[in-house]
1. For the range 410-501, report the % of Cα-Cα distances exceeding 15 Å.
2. Arranged from highest to lowest average of other beta-carbon atoms within 10 Å per residue, in what order do the peptides 160-169, 56-65, 107-116 appear?
3. Assuming 0.890 mPa s and 25 °C, estimate D for the range 61-286 with Stokes-Einstein, Rh taken as the Kirkwood radius over Cα pairs, in µm²/s.
4. What ranking of 142, 647, 616 emerges when the number of other C-beta atoms within 10 Å of each C-beta is taken as an exposure proxy, fewest first?
5. What is the projected area of the convex hull of the Cα atoms of the range 20-166, averaged over all directions, in nm²?
6. Counting only Cα, what are the radius of gyration and maximum Cα-Cα distance Dmax of the range 490-571, in Å?
7. Hey, what do the phi angles of the range 117-129 turn into as Karplus ³J(HN,Hα) couplings, whole Hz, using 6.51/-1.76/1.60 and θ = phi - 60°, x for Gly and Pro?
8. Apply the Karplus curve 6.51 cos²θ - 1.76 cosθ + 1.60, θ = phi - 60°, to the phi angles in the range 384-399 and return the couplings in whole Hz, x for Gly and Pro.
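Laboratory data are not the source of any read-out in this text; all were calculated from the coordinates shown. All of these numbers come straight from a predicted model, not from anything done at the bench. Positions of Cβ are generated from backbone atoms using ideal geometry, with glycine treated the same way; all protein chains shown enter the neighbour counts.
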Amino acid sequence: MSVHRPIKAVVPVSVRAHWFVLVALLFALGVALAVQGYMHHLAGIGDDSVPASASADTVPNAVSHGGPVIDSRGGAVRTVSPPDRTLALTFDDGPDPVWTPQILDVLRKHHVRATFFVVGSAAIDNPELVRRIIAEGHEIGVHTLTHTDLGTAPPWRRQLEVQGAQEAIAGITGRATSLQRPPYSSGNEAVTDSTWSAMQASADEGYLTVLSTIDSEDWRRPGVATIERNLTVSGPEGQVLLMHDGGSDREQTVAALDSALPRFADQGYRVTTVGDAIGIESMREASSAEEITGTAFVRGIQLSDFVVTAISWGLVAAGIVTLIRAVLVIGFAARHSRAARRIQTASRGRRRLDVPVRPEVTEPVSVIVPAYNEAAGIEAAVRSIVASTHPVEIIVVDDGSTDGTADIVEALGIPGVTVIRKENGGKPSALNAGLGAASHQIVVMVDGDTVFEPDTVHALIQQFADPRVGAISGNTKVANRGGILGAWQHIEYVVGFNLDRRLFDVAECMPTVPGAIGAFRRDALLRVGGVSDDTLAEDTDLTMSLCRDGWRVVYQDDARAWTEAPATLGALWRQRYRWCYGTLQAMWKHRGAVVQRGAAGKLGRRGLGYLLVLQVLLPLFAPIVDVFAVYGLIFLDPLRIGALWLVFLVVQLLMASYAFRLDTERLGPLWTLPLQQFVYRQLMYLVVIQSVVTALAGVHLRWHRMERYGSLRVPAAATERQA
């Protein structure tokens, strides 16, 4: 699309506030992902095996050889054991939605209460089970927030793990506990220097540490009989029994517990909670501040989980849409290519029975070139059209240029070239002026920064042999494709634009005939009122108007035009910003097509739907994809994330290779495609975000005049193709 008005203020500064909103949203998303990653991926509930032995030089003898309940609050170390014939039954690693309810059922069946050392993350995932534990008279203790090894954790994480689990308990139950058990702990003799340091830190916060004297080793899943043997109690001494209600398959635990409890009763043992066994009230009502803080903590974690879940489903949906788009685009492009080859074969005299010969269109054409300050390339543009093998008249409409554009054209002195000078009124007014001066019924519109190949016009207009066709899109090529930015735009034109146009052609829902090269029936243009200035994407607006008027709009891939692409990121931003904003305007203007029938309905339900999903919604979701990718590299399996990215890249490369083959382009520039994911892609989705916000804010965006580079000439590859 050519531009006609000089750059002015684009939008009020207030609209730029959306960038702060975007940054804030991405920051909030990053926090939610970091919380979710910490809660579920930095640690995890697994087999509760005891870590390898380490130094125990600083562990007091009273701890190493004392009772399983350790109180080191206030600096003094005291330990205690349950009284004779008393068994304190404890469970670690829950609550688990499958096994904890079954264990609670067994305990209720045998009228036994126990102590559950819960993992904070599991408690937040299953709050109803935590409340059931309390409601049925059981006791709760802290087993850290994410089941991390406190002995190897830094001090900040130790505090976070213990305090986080406490807040989870308070937020769910409204109560607080004074009991804690470090993960991967067992008996007193296994306490190491690092574990003791963690126990002391917890004691400073008011916690009693509960170890065990009998380990069922059910975490090994050795079989019900073995677990029962491990739970065998001999002698009258009180014991603390260790079992698990979460972390893995606990079917054996449930069965062993159901058989062990009657045996304990027969042997005269009383099975109870830790607090009851040692005669303390281990749980209290949480203060208002504790309950408020705990509730906020739980709700925050639940919100982060919801956000991550929603994003995960969004990524799945985006992946499915992207895959469907790839399949559709390739399939429709192949169908379009086969149809074009059949028609060409028939037209060359090798007629097939199922393909009618299309009559050649030979009538002369009016070529309209709207120009505003196009001095850098207007001569090349005009000379390339003059060299057409098809009879043409050329109408250059100078739209108030200040750089002598009209003088350059007049100085050429080429017969058949007419120059119209007018005051600056914008590209639509220039096109309409040219349309009014056109002598022929077929009109070709070409931007002033574009050159044609000699056979472009003839190839472009051949589908007008079908009286249903009202407009034809040509194949726009990037002329200045040197450098990585030029290569990226070259790929986008070949893969993004031209593959889509083939799909739109077959689906009969073409939304845009580009300003760089398009052919129209003059009568069709007059029926829709000429070129409208309602939007900044006058070419898209005009094409949609033609579709809604019942005309077919098609794509001619062998009608090539070469145009200058922006050479800097700033220029590219300005161009795509205007394109995207103008497209949104056109989509809104023609939204009524969604409920229409015929050609208008195809545009509305197919074309506008495709644009909305692929060119608006997916780009709006793209920043979240990038943030989630970083999350995956940090918290998930980097190899799996890398593999998914490679799969996505391979799909893109296959699509690009096929598109390049259809356009008879060399595959060399595709080496830049992987790099496109780290700069170009982000620029494009930021353009969409800016455009959507500008549109929603109701701000009128003015024209941006693009910089011209004077590089317009038919590339050597095109010249060779002509030969």
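1. 74 percent
2. Numbers: 160-169: 23.9, 56-65: 14.1, 107-116: 18.9.
Top to bottom by mean Cβ count within 10 Å: 160-169, 107-116, 56-65.
3. 143 µm²/s
4. The fewest-first ordering by Cβ neighbours comes to 647, 616, 142.
5. Convex hull of Cα atoms, orientation-averaged projection: 12.7 nm².
6. Rg, Dmax (Cα atoms, Å): 13.7, 40.
7. 8, 8, 8, x, 5, 5, 5, 5, 6, 9, x, 5, 6
8. Computed from phi, the couplings for the range 384-399 are 5, 6, 4, 6, 4, 6, 9, x, 9, 10, 10, 10, 9, 9, 7, 8 Hz.
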